[in-house]
Amino acid sequence: MIAVLLPLPSGERAGVRGRPERRAKGRHTLKLLLLLISLLTTPLLATPLLATPLLATELPRIATDHGRHALLVDGKPFLILGAQVNNSSNWPAVLDQVWPAIDQLHANTVQVPIAWEQIEPKEGQFDFAFLDTLVNQAREHRVRLILLWFATWKNNGPSYAPSWVKLDEHRFPRVLNREGRRLNSLSPLAEATLEADRKAFVQLMTHLRKIDGEQHTVIMIQVENESGTYGTDRDHSPMADQAFAGQVPEALLHAAGKSAGSWSQVFGNDAAEFFHAWHVAHFIGQVAAAGKAVYPLPMYANAALRDPFNPGPPGAYESGGPTDNVLHVWKAAAPALDVLAPDIYRPDYAHYAAYLERYARKDNPLFVAETGNDKVYARYVYAALGAGAIGWSPFGMDFTGYSNYPLGARKLDDETIGTFAANYGVLAPMAGELAAAAYAGKLWGASEPDDTHEQTLDLGDWQVHLGYGQLQFGNEPPKGNPDRSGGALIAQLAPNEYLLVARDVRVNFQPARGRKLDFLLDRVEEGHYDHGRWIFRRLWNGDQTDWGLNVIGEPRVLRVRLATY
Ligand code: DGJ
C-alpha cells in the first residue's frame, strides 16, 4: 500500500500517452486517484499494528445498518450457533470432554473461559499454553471461539483473579456496603485494579493477535463475566462516596438527556445504581479499549439479568451490571463494547420474550450469550434469531458431568443434547444465509408460548399463522406441544418465496390483512442446505399441504413459493 502512495513523476511513467492536454488530464485523474487511495488508506496506516501484513484478511466486526446488526467474519455475515463450556473446562486435560459434546451439538462457535489466574499466576509472568492448545484444537474441530475473560468480575466476585490480586485487599480494595461491611466484589473505582486487569488483558490480546491474527478462529471476546455487585446498590467506601458527591459525567448527561448536577440531583432514587453501573462499565470499557488498541476484535459484556417485571432493589440482583434498566448508562460509559448481552435462565415464555425484546435495540445487537441447557430452552433459538440475534448459546455444553440444575438440565444426556442438536443440525449449514437475511430485515421467527398455542408473524405481503400441537389433518384447534418444543424461522428469498425452518408446528401462509386475493402454494420443496447449496429431497403436496405445512418431530427445511390465480 505504501508503494502505491509514492508520487508518480509523469503521465508517461504512469502509462498515459498522447497529446499534452490529454496527458495533463491524465495526470489530473491520477492525482485524484492517488488522493482517494491515500484518504482510504490513511486511517489504517495511522494504527501501526493494522498496517502490518498479519491482518491481511478482514477482522471480525459488527456491522449496523438501519438499526439491524450483523457479525461479519471474514467479511460475511456469521450466525453464532454457540455452546458455552462449564466454568472449569478451561484446562488442556479437560478438552477431551468438551469436543464430543460440541461435535454432537453441531455448534459452530464455542465460548471458553480464559482466566486471569491462569495466564498471570505471578505478577508480570504470562502463560498462554492453554490458549495455544485451545485455538489449535478448535481449528481441528472446525469451530470458531469466543474467549471469556474471567478477571476482576466473575459473577460479582474476583474468584478467577490471581491470588496476588484477590488476597491483596490494600492494593485491590473491595466494595463496602452502606453499613461499611466489605463484600467479596472488587471496587470498580480502584485505579490499581483497573491497571492490573488491563495490563493482563492487553497481553492476552497481543498473544492472540500473534497466533490468530490471520485465521480469526477467535471471533469475539467477552470482557469479564456477569459484572456488578450483589448485596449493595453501590460501593460506599470513602473513595466512592467522594465520587458520588461529584458531578455526573458529561457523556452520561448527554445519553440520558439531563442537565448537570450531582448523581442524586440528576438521578434521584436511581442515583446509587446508575453510579455503580457507570463505574463498572467505565472500568470494563477501559479494559476493552486497551485490548482493542492491540487487536480490535468485537467485544461484549454479559448480564446476570434482573426480573424485568418485578426487579426488586439493586443488590438483590447484581447492581452495576448491564441489566435492562442501565443499558444507556453502559453505552455511554463503555463505547468500546460492541454488545451488551443477556444470560437468559428463565424458561417461561413471558420472561424469555421480554429479555429478547429489551436487548435487541438499534444501538445494541442481540446476542444471547448464555441460556439454560435444559430441553425447554431449545425452542428459543427460533425466537432469538427472529429477533435479529447475531447468536445464541446454551451454557454447560460439555461432558465433564457437571450440571447447573435447576438453571439448566439435570443431566446432559443424549436426549437433552439431541434436542438442541436437531435445531443446530439444520440451521448450521445455512447459518450465513440466515445471518444475511436478518441483516437485510428479511428474517422472522417465533417459539412456542406457554399459555396460548397460536401466533401470527407479519411478513409484509403475507402473514404466517403458527399452530402448536395441532393434528396433522383437519381443523381441530391447536392444543400446544407437551414439552413446548415448537418453533419456526422464516427467511424471505424473493417476492412470494420463503425459506421455512420449523419444528413441531403447523404453518399456514395467508395474505396480509386487507389483501383480498385468491392464492395457493405453488411449490413446496423439502430439502436441506449443504455449505450454502440447496439440496432437494421431495415436493410436499396433497395431505402434506392441504391442512397447512405440518412440521412434526424433527426440524425440517422447506422452500415455499406462493402464487395468486
Ligand atoms: C451464569 C454465569 O455467567 C456462568 O459462568 C455460570 O456461573 C452460570 N451462571 C451458572 O452455571
- prompt: How many residues does segment 410-448 hold that are within 16 Å of the ligand (Cβ to nearest atom), out of contact with any Phe, Trp or Tyr (no Cβ under 9 Å at 6 or more places or on another chain) and either open to solvent by 30 Å² or more (accessible area, probe 1.4 Å) or not in a helix (DSSP H, G or I) (or both)?
  reply: 1
- prompt: Which members of segment 411-430 meet the condition of being more than 24 Å from Ala491 (Cα to Cα) and of a type outside the set (Lys, Arg)?
  reply: Leu412, Asp413, Asp414, Glu415, Thr416, Ile417, Gly418
message: Among the residues of segment 389-407, what is the count of those that are within 10 Å of the ligand (Cβ to nearest atom), touching a strand residue (DSSP E or B) at 6+ places or on another chain (Cβ under 9 Å) and closer than 13 Å to Ala101 by Cβ?
response: 2
- request: Kindly check whether there is at least one residue in segment 453-465 that is small (Gly, Ala, Ser) and either over 29 Å from Asp348 (Cα atoms) or touching a strand residue (DSSP E or B) at 6+ places or on another chain (Cβ under 7 Å) (or both).
  value: no
task: Scan segment 449-466 for residues that are open to solvent by less than 40 Å² (accessible area, probe 1.4 Å) and in a loop (DSSP other than H, G, I, E, B) and jot them down.
output: Pro449, Leu459
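Let's see how each residue does on (1) over 21 Å from Lys154 (Cβ atoms); (2) touching a helix residue (DSSP H, G or I) at 6+ places or on another chain (Cβ under 9 Å); (3) within 16 Å of the ligand (Cβ to nearest atom):
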| site | (1), (2), (3) |
| --- | --- |
| Gly257 | yes, no, no |
| Ser264 | yes, yes, no |
| Asn269 | yes, no, no |
| Phe275 | yes, yes, no |
| Ala281 | no, yes, no |
| Tyr317 | no, no, yes |
| Asp324 | yes, yes, no |
| Val329 | yes, yes, no |
| Ala341 | no, yes, yes |
statement: Taking segment 339-385 and keeping residues under 14 Å from the mean Cα position of the chain (by Cα) and among the small types (Gly, Ala, Ser) leaves Ala341, Ala360, Ala369, Ala384
message: When the residues of segment 87-127 are narrowed to those that are out of contact with any helix residue (DSSP H, G or I) (no Cβ under 8 Å at 6 or more places or on another chain), open to solvent by less than 10 Å² (accessible area, probe 1.4 Å) and closer than 30 Å to Trp164 by Cβ, which ends up nearest to the ligand (Cβ to nearest atom)?
response: Pro113
query: Looking at Phe130, is it within 16 Å of the ligand (Cβ to nearest atom), in contact with a helix residue (DSSP H, G or I) (Cβ under 9 Å, 6 or more places away or on another chain), open to solvent by less than 40 Å² (accessible area, probe 1.4 Å) and under 30 Å from Asp74 (Cβ atoms)?
result: no
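For segment 382-409, how many residues are among the small types (Gly, Ala, Ser), farther than 16 Å from Gln111 by Cα and part of a loop (DSSP other than H, G, I, E, B)?
The total comes to 7.
Of everything in segment 467-479 that's surrounded by 12 or more Cβ atoms within 10 Å (Cβ to Cβ) and touching an Asp or Glu at 6+ places or on another chain (Cβ under 7 Å), which residue is nearest to Glu497 (Cα to Cα)?
The extreme case among them is Gly467.
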task: Only one of these is in contact with a Gly (Cβ under 7 Å, 6 or more places away or on another chain), farther than 25 Å from Gly396 by Cβ and open to solvent by 10 Å² or more (accessible area, probe 1.4 Å): Ala336, Ala304. Name it.
output: Ala336
- prompt: Of Glu433, Glu448, which residue is farther than 21 Å from Asn508 by Cβ and in contact (Cβ under 8 Å) with a residue 40 or more places away in the chain?
  reply: Glu433
- request: Please specify each residue of segment 156-187 satisfying the condition of being within 16 Å of the ligand (Cβ to nearest atom), over 13 Å from Gly231 (Cβ atoms) and either over 32 Å from the mean Cα position of the chain (by Cα) or not aromatic (Phe, Trp, Tyr) (or both).
  value: Pro158, Ser159, Ala161
- prompt: Among (1) part of a loop (DSSP other than H, G, I, E, B); (2) open to solvent by 10 Å² or more (accessible area, probe 1.4 Å), where does Ala161 come up short?
  reply: (2)
Tally of residues being open to solvent by 80 Å² or more (accessible area, probe 1.4 Å), closer than 22 Å to Arg506 by Cβ and not polar (S, T, N, Q) across segment 523-548: 7
task: State yes or no: is Arg198 away from the ligand (no atom under 16 Å from the Cβ), in contact (Cβ under 8 Å) with a residue 40 or more places away in the chain and part of a helix (DSSP H, G or I)?
output: yes
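The values are calculated or read from the model by the stated rules, or taken from the named source; none is laboratory data. It should be emphasised that the depicted structure is a prediction, and the values quoted were computed from it without experimental measurement. Virtual Cβ from ideal backbone geometry, glycine too; neighbours counted across all protein chains shown. When the accessible area is computed, the model is the full protein with side chains, heavy atoms only, and any ligands, DNA or RNA have been set aside. Shrake-Rupley method; radii C 1.70, N 1.55, O 1.52, S 1.80 Å.
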